[in-house]
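In what follows, a structure is listed as structure tokens, so that the remarks can point back to it.
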Amino acid sequence: MTNLVVLSDIEKNTDNELPLSFNTPISILDPFHESIPPELKKEILRQRYHDKLIADGIETGHFQVTAQGITFVTKQPIYSFAGFIFEAFSVRIVNDNINTIGKYMFSWCTKREKVKNDYINQFKAIGTGFITTKSAHPDFYSFQHKFDILFIRYKNGLYEPATLLGTTREAGIQIKAITGNEKSEIIEPLISGKYTNVLTYLRHPDTKIHSYEVCMEIIKELYRQRSITLDRKNDLESRIKSPEMLGIDQRMVDEYYEYICAWYQGRATWDMNIYDGIGLEVKGYKYSNGILIPDN
């Protein structure tokens, strides 16, 4: 399929008006528009998110570079795989937008209400289980770390993590890409202290209700049952965020997740070994802020 599409091919003229016949890149089309057929939708999502998925998958260690191309090495189910990919997505989008999204996330997890640009610019986000963290910042690498994302800065000859305001405790964020089981996956770990701040990304596929909203209902029900106090209720609510609360476009998240699922279902059946002749070359990737990203 080419990189261009003639709009008259997908929007037929029924009112004897002049057809739309100008060429436009496929990637600018709305993949969820009712007039977009399924195959074109897949191609739009591929062009928007394929390189990002490869970069994120290499960073998390679920793709490895081989002589044959990219090897898909995970045996994780789709929801676990998506969670790892969204960890890399989170770090990438924070470092690319450190003065907006990055500042919101930093303020939230460190409880610093007013963060100036010259302060946040001292920091970068890292994934605690990432390949680049293991090589560049081994002191912060742990696949079982209680935080998926940390903010670190170079000071006095060493890298140090951002801390919770007024303490020496590390501040960080747990990433969730789930569409169910919010009580056991998010609420109970927050109550027990296993997690401190959770960014939950996805909507439930059947109801389209966001996981964040489900969490809020669970917390309200716990309070109605008098299982938690009002102060605890307010505290739990403050520790959970949805993407849009931090400046991340939920529609982009939805599109990326759909592409992750489509790719996983279509590629993982090939004996867990994938090689797509278009777009899977490792050349054209570079490290930026400690993250492997497409060179373009």
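The values are calculated or read from the model by the stated rules, or taken from the named source; none is laboratory data. The shown structure was predicted, so the numbers you read here are calculated from the model rather than taken from an experiment. Heads up, the Cβs are rebuilt from the backbone with ideal geometry, glycines too, and the neighbour counts pull from every protein chain shown.
Quick one: in segment 97-114, which of the residues that are closer than 14 Å to Ile126 by Cβ and either at pLDDT below 95 or among the aliphatic types (A, V, I, L, M) (or both) is surrounded by the fewest Cβ atoms within 10 Å (Cβ to Cβ)?
Step one: list which residues in segment 97-114 are closer than 14 Å to Ile126 by Cβ, which gives 98, 102, 105-106, 109.
From what is left, the residues that are either at pLDDT below 95 or among the aliphatic types (A, V, I, L, M) (or both) are 98, 105.
Numbers: Ile98: 21, Met105: 28.
Within segment 97-114, the match that is surrounded by the fewest Cβ atoms within 10 Å (Cβ to Cβ) is Ile98.
Which of (1) farther than 22 Å from Ile240 by Cβ; (2) among the hydroxyl-bearing types (Ser, Thr, Tyr); (3) in contact with a Lys or Arg (Cβ under 8 Å, 6 or more places away or on another chain); (4) touching a residue at least 24 places away in the same chain (Cβ under 8 Å) does Thr132 not meet, given it meets every other one?
(3)
Scan segment 130-155 for residues that are surrounded by fewer than 15 Cβ atoms within 10 Å (Cβ to Cβ) and modelled with pLDDT of 90 or more and jot them down. First the steps, then the outcome.
Filtering segment 130-155 for residues surrounded by fewer than 15 Cβ atoms within 10 Å (Cβ to Cβ) gives 135-136, 138-139, 142-144, 146, 154-155.
Scanning segment 130-155 gives Pro138, Asp139, Tyr154, Lys155.
So how many residues does segment 220-265 have that are surrounded by 14 or more Cβ atoms within 10 Å (Cβ to Cβ) and hydroxyl-bearing (Ser, Thr, Tyr)?
6
Assess whether Tyr195 counts as being touching a helix residue (DSSP H, G or I) at 6+ places or on another chain (Cβ under 8 Å), of a type in the set (Phe, Trp, Tyr) and not in a helix (DSSP H, G or I).
Against the criterion (touching a helix residue (DSSP H, G or I) at 6+ places or on another chain (Cβ under 8 Å), of a type in the set (Phe, Trp, Tyr) and not in a helix (DSSP H, G or I)), Tyr195 qualifies.
What is the number of the single condition among (1) in contact with a helix residue (DSSP H, G or I) (Cβ under 9 Å, 6 or more places away or on another chain); (2) of a type in the set (Asp, Glu); (3) closer than 27 Å to Asn95 by Cβ that Glu182 does not meet?
Going through (1) in contact with a helix residue (DSSP H, G or I) (Cβ under 9 Å, 6 or more places away or on another chain); (2) of a type in the set (Asp, Glu); (3) closer than 27 Å to Asn95 by Cβ one by one, Glu182 breaks only (3).
Show the residue pairs that are 6+ apart or on different chains and have beta-carbon atoms under 7 Å apart, the first residue being within segment 177-193 and closer than 16 Å to Leu222 by Cβ and without any contact (Cβ under 8 Å) to a residue 12 or more places away in the chain, the second being buried (at least 17 other Cβ atoms within 10 Å of the Cβ) and not aromatic (Phe, Trp, Tyr).
If the second residue must be buried (at least 17 other Cβ atoms within 10 Å of the Cβ) and not aromatic (Phe, Trp, Tyr), the pairs left are Glu185/Lys176; Glu185/Ile178.
Looking for whichever is of a type in the set (Val, Ile, Thr), modelled with pLDDT of 95 or more and out of contact with any Ser or Thr (no Cβ under 8 Å at 6 or more places or on another chain) here; the options are Ile186, Ile219. Which one fits? Steps first, please.
Working: Ile186 fails: out of contact with any Ser or Thr (no Cβ under 8 Å at 6 or more places or on another chain).
Just one listed residue meets the conditions, Ile219.
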